[in-house]
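See below for the structure under consideration.
The values are calculated or read from the model by the stated rules, or taken from the named source; none is laboratory data. Note that the structure is predicted; figures quoted are calculated from it, not measured. Don't worry about glycine lacking a Cβ; one is built from the backbone with ideal geometry, like all the others, and counts go over all protein chains shown. Accessible surface is based on the protein model in full, side chains and every heavy atom, while ligands, DNA and RNA are left aside. Shrake-Rupley method; radii C 1.70, N 1.55, O 1.52, S 1.80 Å.
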Amino acid sequence: MRAVIQRVTKASVTVDNKVISSIQKGLCVLLGIGTDDTEKDIDYMVNKILNIRVFNENDIMWKKGVKDAGLELLCVSQFTLQAQTIKGNKPDFHRAMKSESAKEMYALFLEKLGKAYDPSKIKDGEFGAMMLVDISNDGPVTLELDSRKFTYDS
């Protein structure tokens, strides 16, 4: 499972010219689910996303995670994070989990995130939709997370 997280001052998702989700200060999480991802990968990501220290406190940098700071999360399913771009110029998405299975995994991810944190602070996009994601990156702070960084083949 791969994620790109960005510390944001605000973020929103628009589908068909309608804003369907928005947050103020917090994290925007772009999540890509791979063919071999399991519930163990979800657990890793939930823990890391909620606790990684990207927020400042009293002028001390990297002091709090989104959960400690009580901030919001905007999660967006993004299969393109599983793309392989080594050969040729066309991205290869064969490592991305198929839509129906990925939808179930993404729902489980959101459910576990909600159990580990305040569900009212968690927003998400629309799975499978063409979305316009508006991100106001704060810092900028952008991090990559991979639940199995050292087990993927090149």
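Among the residues of segment 62-105, just one is without any contact (Cβ under 8 Å) to a residue 60 or more places away in the chain and touching a Ser or Thr at 6+ places or on another chain (Cβ under 6 Å), namely Pro91.
Out of curiosity, is Val13 under 23 Å from Glu104 (Cα atoms) and touching a helix residue (DSSP H, G or I) at 6+ places or on another chain (Cβ under 7 Å)? So Val13 fails the test. Among the residues in segment 99-114, are any modelled with pLDDT of 95 or more, charged (D, E, K, R), in contact with a strand residue (DSSP E or B) (Cβ under 9 Å, 6 or more places away or on another chain) and closer than 26 Å to Val15 by Cα? Checked segment 99-114: at least one residue is modelled with pLDDT of 95 or more, charged (D, E, K, R), in contact with a strand residue (DSSP E or B) (Cβ under 9 Å, 6 or more places away or on another chain) and closer than 26 Å to Val15 by Cα.
Taking Lys40 as the residue in question, decide whether it is more than 13 Å from the chain's Cα centre (by Cα), of a type in the set (D, E, K, R) and surrounded by fewer than 20 Cβ atoms within 10 Å (Cβ to Cβ).
On the way: more than 13 Å from the chain's Cα centre (by Cα): yes; of a type in the set (D, E, K, R): yes; surrounded by fewer than 20 Cβ atoms within 10 Å (Cβ to Cβ): yes.
Considered against the rule, which asks whether it is more than 13 Å from the chain's Cα centre (by Cα), of a type in the set (D, E, K, R) and surrounded by fewer than 20 Cβ atoms within 10 Å (Cβ to Cβ), Lys40 comes out as yes.
How many of the residues making up segment 101-139 are over 23 Å from Asp37 (Cα atoms), part of a strand (DSSP E or B) and either touching an Asp or Glu at 6+ places or on another chain (Cβ under 9 Å) or polar (S, T, N, Q) (or both)?
From segment 101-139, those over 23 Å from Asp37 (Cα atoms) are 118-121, 130-139; that's our starting set.
Remaining after also requiring part of a strand (DSSP E or B): 132-139.
From what's left, either touching an Asp or Glu at 6+ places or on another chain (Cβ under 9 Å) or polar (S, T, N, Q) (or both): 136-137.
Result for segment 101-139: 2.
Scanning segment 86-109 for residues that are of a type in the set (A, V, I, L, M) and open to solvent by 40 Å² or more (accessible area, probe 1.4 Å), we see that the one that is nearest to Gln24 (Cα to Cα) is Ala107. Report, by residue number, each residue of segment 12-40 that is farther than 12 Å from Val133 by Cα and aliphatic (A, V, I, L, M). Within segment 12-40, Leu27, Leu31, Ile33 meet the criteria.
Given the residues Val54, Val46, which is the only one that is open to solvent by less than 30 Å² (accessible area, probe 1.4 Å), out of contact with any strand residue (DSSP E or B) (no Cβ under 8 Å at 6 or more places or on another chain) and within 18 Å of Thr142 (Cα to Cα)? Unique residue meeting the criteria: Val46.
Would you say Glu72 is open to solvent by 70 Å² or more (accessible area, probe 1.4 Å) and either farther than 21 Å from Leu50 by Cα or modelled with pLDDT of 95 or more (or both)? Don't jump to the end; show me each part of the working.
Details: open to solvent by 70 Å² or more (accessible area, probe 1.4 Å): no; either farther than 21 Å from Leu50 by Cα or modelled with pLDDT of 95 or more (or both): yes.
No: the conditions fail for Glu72.
Close Cβ contacts (under 6 Å, 6 or more residues apart or on different chains) running from residues in segment 106-129 that are free of Cβ contacts under 8 Å to residues at least 60 places away in the same chain to residues that are assigned to a helix (DSSP H, G or I) comprise Ile122/Leu113; Ile122/Gly114; Phe127/Lys103; Phe127/Tyr106.
Determine whether segment 38-50 contains at least one residue that is of a type outside the set (Lys, Arg), on the phi < 0 side of the Ramachandran plot and assigned to a strand (DSSP E or B).
To start, the set of residues in segment 38-50 that are of a type outside the set (Lys, Arg) comprises 38-39, 41-47, 49-50.
Still in the list and also on the phi < 0 side of the Ramachandran plot: 38-39, 41-47, 49-50.
So of that shortlist, the ones also assigned to a strand (DSSP E or B) come out as none.
Looking for residues that are of a type outside the set (Lys, Arg), on the phi < 0 side of the Ramachandran plot and assigned to a strand (DSSP E or B), one finds none in segment 38-50, hence no.
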